[in-house]
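Visitor: Take this structure first; my questions come after.
The values are calculated or read from the model by the stated rules, or taken from the named source; none is laboratory data. Keep in mind the model is a prediction, meaning the values are calculated, not measured. Glycine gets a Cβ as well: all are built from the backbone with ideal geometry, and neighbour counts include every protein chain shown. SASA here: full protein model, heavy atoms, side chains in, ligands and nucleic acids out. Shrake-Rupley method; radii C 1.70, N 1.55, O 1.52, S 1.80 Å.
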Amino acid sequence: MKIEKKKLSATEKQEMIQLLHGRFMQNEKLQEDLDWNEVEKKLLDDEAKLYSLWLMENTGGEPQLLYYDRSEGAYYFYDCAKESPVGRRSLCYDQEALEARKANKPEGSAVQMAKEMGIELLDEEGYSKLQEYGEFDNKTSSWLLTPAVVREKGGAIFGDLRYGRIFIYHNGADSYYGARGFRGRLKL
């Protein structure tokens, strides 16, 4: 799946800012520590990142500002859809796996799509951090950034939440499923 870059219209920018602000207002902990006006200014100053958030939203990710890292001076937005984003499912792990697949190739790969969107694929630590804010992937699973030692052997990892616990599994990197997508985060 190839993502075509476009420039957001003034209306699209405003709608995205309003949507993100509404989600910010639901996170009472962040409201105490942060000034939304500063977040909004930073978003408007970085059109590429605002576009990435727009892509996250339009592929079903429901991005939300989850935390602020004071040491970095960075805001972190995560995909917070209850299930793996619907517009990012049925993908194999990476381009190498896609090219190696002989038959029934999916439309693309999670790693490549995340790169085209301008977001980071969640790793195990990021996936665990996300689960601190709710219960995600009770019926789906999400590809996770895979350690090189696993990927070199042809595998890739994914996570889900079952029975109130986070599970990290492995699969062939060339596999793909209708209920497996990927989640990302964006550092602003």
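Visitor: Any residue at all in region 103-113 that's more than 18 Å from Gly178 (Cα to Cα) and among the small types (Gly, Ala, Ser)?
Guide: No, that holds for no residue.
Visitor: Any idea which residue in region 88-109 is most open to solvent (accessible area, probe 1.4 Å), counting only those that are out of contact with any helix residue (DSSP H, G or I) (no Cβ under 7 Å at 6 or more places or on another chain), touching a residue at least 24 places away in the same chain (Cβ under 8 Å) and assigned to a helix (DSSP H, G or I)?
Guide: Glu96
Visitor: Also: Identify, from the list Ser175, Ser128, the residue that is outside any strand (DSSP E or B), under 19 Å from Cys92 (Cα atoms) and of a type in the set (Ser, Thr, Tyr).
Guide: On inspection, the qualifying residue turns out to be Ser175.
Visitor: Which of the residues that make up region 71-80 are open to solvent by 20 Å² or more (accessible area, probe 1.4 Å) and either closer than 16 Å to Glu40 by Cα or at pLDDT below 90 (or both)?
Guide: Residue satisfying the conditions is Gly73 alone.
Visitor: Moving to a separate point now. Of the conditions (1) in contact with a Leu (Cβ under 9 Å, 6 or more places away or on another chain); (2) farther than 17 Å from Val86 by Cα, Gly134 fails just one. Which one is it?
Guide: (1)
Visitor: Can you tell me which of Leu186, Leu161 is at pLDDT 95 or above, part of a strand (DSSP E or B), within 28 Å of Asp45 (Cβ to Cβ) and not basic (Lys, Arg)?
Guide: That would be Leu186, the only listed residue that is at pLDDT 95 or above, part of a strand (DSSP E or B), within 28 Å of Asp45 (Cβ to Cβ) and not basic (Lys, Arg).
Visitor: Looking only at region 148-158, count how many residues are within 18 Å of the chain's Cα centre (by Cα) and part of a loop (DSSP other than H, G, I, E, B).
Guide: Of the residues in that region, 0 qualify.
Visitor: Next question. Please go through region 20-51 and give me each residue that is open to solvent by less than 60 Å² (accessible area, probe 1.4 Å), at pLDDT 90 or above and assigned to a helix (DSSP H, G or I), ordered by number.
Guide: Answer for region 20-51, where residues must be open to solvent by less than 60 Å² (accessible area, probe 1.4 Å), at pLDDT 90 or above and assigned to a helix (DSSP H, G or I): Leu20, Gly22, Arg23, Phe24, Trp36, Val39, Glu40, Leu43, Leu50, Tyr51.
Visitor: Here's something else I'd like to know. Hey, Leu43 hits all of (1) in contact with an Asp or Glu (Cβ under 9 Å, 6 or more places away or on another chain); (2) farther than 19 Å from Asp160 by Cβ; (3) touching a residue at least 24 places away in the same chain (Cβ under 8 Å) but one; which does it fall short on?
Guide: Going through (1) in contact with an Asp or Glu (Cβ under 9 Å, 6 or more places away or on another chain); (2) farther than 19 Å from Asp160 by Cβ; (3) touching a residue at least 24 places away in the same chain (Cβ under 8 Å) one by one, Leu43 breaks only (1).
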